[in-house]
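Chemist: Mind looking over this structure? Questions follow.
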Amino acid sequence: MSQFSDLLQKAAVEVRHYCETSPNVRKFGRDWLLSLAHDMEVASLLESDADIERAIDALAYAITDSGPLAEPFAPSFNQALDALQRRRKRERRT
């Protein structure tokens, strides 16, 4: 299990909750948001750090490419992305 697995699982739950409670769901499309939640769950089960990093990068790209969300819909995903970016910065320094 990766250090990102729990955060990705929590993020999937947060996205599903967002789909149930946010009035902005129509703007982005419920199906697309639920596909993000599914992809987050799949990523949480990956065993290779490189595979998980690629999945986080792909999710971040998809979320950013969609345009700004009106409210934070998956704070745990933001934490996973931040942790990945910090780790990469540390690795570059050494």
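The values are calculated or read from the model by the stated rules, or taken from the named source; none is laboratory data. Keep in mind the model is a prediction, meaning the values are calculated, not measured. In this analysis, Cβ positions are derived from the backbone assuming ideal geometry, glycine residues included, and neighbour counts consider all displayed protein chains.
Chemist: From the residues in the stretch 41-75 that are among the polar types (S, T, N, Q) and either surrounded by fewer than 16 Cβ atoms within 10 Å (Cβ to Cβ) or modelled with pLDDT under 95 (or both), which one is farthest from the chain's Cα centre (by Cα)?
Modeler: SER48
Chemist: Identify, please: which residue in the stretch 1-23 is surrounded by fewer than 18 Cβ atoms within 10 Å (Cβ to Cβ) and among the aliphatic types (A, V, I, L, M) and is, among those, modelled with the lowest pLDDT?
Modeler: In this case the residue turns out to be MET1.
Chemist: Follow-up. Quickly run through the stretch 62-81 and pick out the residues that are closer than 15 Å to GLU14 by Cβ and assigned to a helix (DSSP H, G or I).
Modeler: ILE63, PRO75, SER76, PHE77, ASN78, GLN79, ALA80, LEU81
Chemist: In addition: For the stretch 24-40: of the residues being surrounded by 15 or more Cβ atoms within 10 Å (Cβ to Cβ) and touching a residue at least 24 places away in the same chain (Cβ under 8 Å), which is nearest to LEU8 (Cα to Cα)? Break it down into steps so the answer makes sense when it comes.
Modeler: The first filter runs over the stretch 24-40 and keeps only residues surrounded by 15 or more Cβ atoms within 10 Å (Cβ to Cβ), leaving 25, 28, 33-34, 36-37, 39-40.
From the residues that got through so far, the ones that are touching a residue at least 24 places away in the same chain (Cβ under 8 Å) too are 28, 33, 36-37, 40.
Numbers: PHE28: 20, LEU33: 14, LEU36: 11, ALA37: 9, MET40: 5 Å.
Top of the filtered list is MET40.
Here's the yes/no breakdown for (1) closer than 15 Å to ALA80 by Cα; (2) part of a helix (DSSP H, G or I); (3) touching a His at 6+ places or on another chain (Cβ under 9 Å); (4) of a type in the set (D, E, K, R):
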site	(1), (2), (3), (4)
GLU20	no, yes, no, yes
LYS27	no, yes, no, yes
ASP31	no, yes, no, yes
ASP39	yes, yes, no, yes
VAL42	yes, yes, no, no
LEU46	yes, no, no, no
ALA60	yes, yes, no, no
